[in-house]
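The values are calculated or read from the model by the stated rules, or taken from the named source; none is laboratory data. Just so we're clear, the structure is a prediction, and the values are computed from it rather than from any experiment. So basically every Cβ, Gly included, is an ideal-geometry build from the backbone, and we count neighbours across all protein chains shown. Heavy atoms of the whole protein, side chains included, go into the accessibility calculation; ligands, DNA and RNA do not. Shrake-Rupley method; radii C 1.70, N 1.55, O 1.52, S 1.80 Å.
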Amino acid sequence: MPGFFNAHCHLELGFLRGAIPPSTPFVEWLGQIARRKRAARPEDAQSAIAAGLFELRESGTQALLDIDSMRIAPDLIRAVEMPCLSFTEIIAFDPAEAVARLNETVAWQNAQPALAAGQGFGLSPHAPYTTTPELLATAAQAAREAGQWLCIHAAETPEETEMLLHGRGALHDFLNDFGSLPQGWKHPGMRPVEYLAASGVLGPHTLLAHLNEVTDEEIALLAKTQTRAVVCPGTHVYFGRGAFPLKRLLDAGVATYLGTDSLASNESLSMMREIDLACELEPALEPRRVAALADAQRARDFGLTP
Ligand SMILES: [Zn+2]
């Protein structure tokens, strides 16, 4: 079996496998994730993470990029020999708190026992709609200083674009009703990738996840800044989304990878299945070319040696 590189995963959400039916609207899904994470016992996440690592290994994954918000996964990742970057997630809507949250995250990483050889930490300011421009810029600077990578979810849904561009829509209303948006929150009036560019976070050490809603101009920005992209076929199918951006990203020369995303929006952590789904979503792409995007050797781009 060939070895694979999974460039986007949330091992900690494995306890939600099968919990939320496919095609649940994104905003409702997000609310369920938040509620279920709050109610979760650490041991549920722990056993799901251990099972996920086993499933990855069994299905041929040899290197991994994982997002960690519960701060449970690094201990389990440390215990296996898989080359991995663990991106610590930061969510902060309030400018008054955002940079303090980042500083606390960096201090937490520095206080951790070293990860195993071939492993490291990264920073993940979650998404344009859950962070502030100051947080994004400061995280990019902190990552540069520490020689770390950034991973940000971007342009995943039409609701995200509507919120950033026009300050309205289902995602905006959901976050507002949830009490997440600070008083007087002002939308940037830009599309997600334009906004990330203006916040100074694009570049060769930044990885953007999903990018379903990008315009050709935004793709050109990614190519120009050598920003990297990861697309998630299983999640795309789960949510029943429209056009898949993979071919457009590749045609523009954007370095693009494949990821499973989490088991809360995918039924498997098999990269073989992701390759098959990507081929179905992009029939114009040569299957061999699609498979090469998930080859374990591509983990070397992130300093990982499978
Ligand atoms: Zn994700």
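Some observations on this one:
- Listed by position, the helices (runs of 4 or more DSSP H) inside the range 21-98 whose residues that are of a type in the set (Lys, Arg) number at least 3 are 26-39.
- Filter result for THR61 (among the hydroxyl-bearing types (Ser, Thr, Tyr) and within 26 Å of THR130 (Cβ to Cβ)): no
- Residue within the range 266-276 that is closer than 30 Å to GLN32 by Cα and touching a His at 6+ places or on another chain (Cβ under 7 Å) present: no
- Against the list (1) over 17 Å from the mean Cα position of the chain (by Cα); (2) within 16 Å of the ligand (Cβ to nearest atom); (3) under 17 Å from VAL230 (Cβ atoms), the condition GLN62 fails is (2).
- Consider the range 228-243 and keep the residues that are within 13 Å of the ligand (Cβ to nearest atom) and open to solvent by 10 Å² or more (accessible area, probe 1.4 Å). The one that is nearest to GLU156 (Cα to Cα) is PHE239.
For every residue, the table says whether it meets (1) crowded, with 18+ Cβ neighbours inside 10 Å; (2) out of contact with any Pro (no Cβ under 7 Å at 6 or more places or on another chain).
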{"position": "MET163", "(1), (2)": "yes, yes"}
{"position": "THR206", "(1), (2)": "yes, yes"}
{"position": "ALA209", "(1), (2)": "yes, yes"}
{"position": "GLU213", "(1), (2)": "yes, no"}
{"position": "LEU221", "(1), (2)": "yes, yes"}
{"position": "THR225", "(1), (2)": "no, yes"}
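- Odd one out for LEU246 among (1) open to solvent by 20 Å² or more (accessible area, probe 1.4 Å); (2) away from the ligand (no atom under 16 Å from the Cβ): (1)
- Some residue of the range 157-175 being under 14 Å from the mean Cα position of the chain (by Cα) and not in a helix (DSSP H, G or I): yes
Residue-wise test of (1) over 28 Å from ALA63 (Cα atoms); (2) touching a helix residue (DSSP H, G or I) at 6+ places or on another chain (Cβ under 8 Å).
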| site | (1), (2) |
| --- | --- |
| TYR195 | yes, yes |
| ASP261 | no, yes |
| ALA264 | no, yes |
| MET271 | no, no |
| LEU281 | no, yes |
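- With respect to the conditions (1) over 21 Å from LEU11 (Cβ atoms); (2) away from the ligand (no atom under 16 Å from the Cβ), MET272 falls short on a single one, namely (1).
- Residues located in the range 1-21, provided they are open to solvent by 10 Å² or more (accessible area, probe 1.4 Å) and of a type in the set (Asp, Glu): none
- When the range 266-276 is filtered for residues that are open to solvent by less than 20 Å² (accessible area, probe 1.4 Å) and either of a type outside the set (S, T, N, Q) or over 28 Å from ILE49 (Cβ atoms) (or both), the ones remaining, listed by number, are LEU269, MET271, GLU274, ILE275.
- The range 71-84: number of residues that are open to solvent by 10 Å² or more (accessible area, probe 1.4 Å) and within 14 Å of the ligand (Cβ to nearest atom): 0
- Candidate set: the range 251-265, residues that are free of Cβ contacts under 8 Å to residues at least 40 places away in the same chain and open to solvent by 10 Å² or more (accessible area, probe 1.4 Å); chosen: the one nearest to the ligand (Cβ to nearest atom): ALA252
- All conditions but one from (1) more than 20 Å from the chain's Cα centre (by Cα); (2) buried (at least 22 other Cβ atoms within 10 Å of the Cβ); (3) charged (D, E, K, R) apply to GLU43; the one that does not is (2).
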